[in-house]
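First comes the structure, then the notes that go with it.
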Amino acid sequence: MVSAVEDISLRINKTERLVLLGPSGCGKSSILKAVAGFIPAASGQILIEGRAIKGPGADRIVVFQEFDQLLP
Ligand SMILES: Nc1ncnc2c1ncn2[C@@H]1O[C@H](COP(=O)(O)OP(=O)(O)OP(=O)(O)O)[C@@H](O)[C@H]1O
Ligand SMILES: [Mg+2]
């Protein structure tokens, strides 16, 4: 089993904007996929306004760069 992300802990408040920066393969997309509800976290928890993420929801939007969805 690949461990894509380990020991991450952060809190993002409503008015904050967060940028995840790091080298290729460090786990940025995996974090976003877990927050989006596309993949479950193997351990720990991700909460939105106190509620655990159980799957994708209309309160989250993710644009992945793999699908040519971004403007040039
Ligand atoms: N479906 C998968 N199966 C196996 N390993 C995976 C899978 N998805 C990601 N990984 C591995 O998990 C780690 C984190 O990958 P991830 O795609 O989250 O990195 P990233 O920071 O988004 O990279 P990039 O900047 O290239 O987009 C890498 O070692 C990657 O090879
Ligand atoms: Mg990525």
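Contact map, the range 43-67: first residue over 22 Å from residue 3 (Cβ atoms) and in contact (Cβ under 8 Å) with a residue 40 or more places away in the chain, second residue within 15 Å of ligand 1 (Cβ to nearest atom) and assigned to a loop (DSSP other than H, G, I, E, B), Cβ cut-off under 8 Å, separation 6 or more or different chains; the map is empty.
Any residue at all in the range 44-63 that's of a type in the set (Lys, Arg) and part of a loop (DSSP other than H, G, I, E, B)? Yes.
Mind listing whichever residues of the range 52-62 are within 19 Å of residue 9 (Cα to Cα) and loosely packed, with under 10 Cβ neighbours inside 10 Å? Passing the criteria: 52, 54. In this structure, residue 30 qualifies as at pLDDT below 95, surrounded by 12 or more Cβ atoms within 10 Å (Cβ to Cβ) and under 22 Å from residue 3 (Cβ atoms).
The values are calculated or read from the model by the stated rules, or taken from the named source; none is laboratory data. What you see is a predicted model; the values in this text were computed from it and never measured. Positions of Cβ are generated from backbone atoms using ideal geometry, with glycine treated the same way; all protein chains shown enter the neighbour counts.
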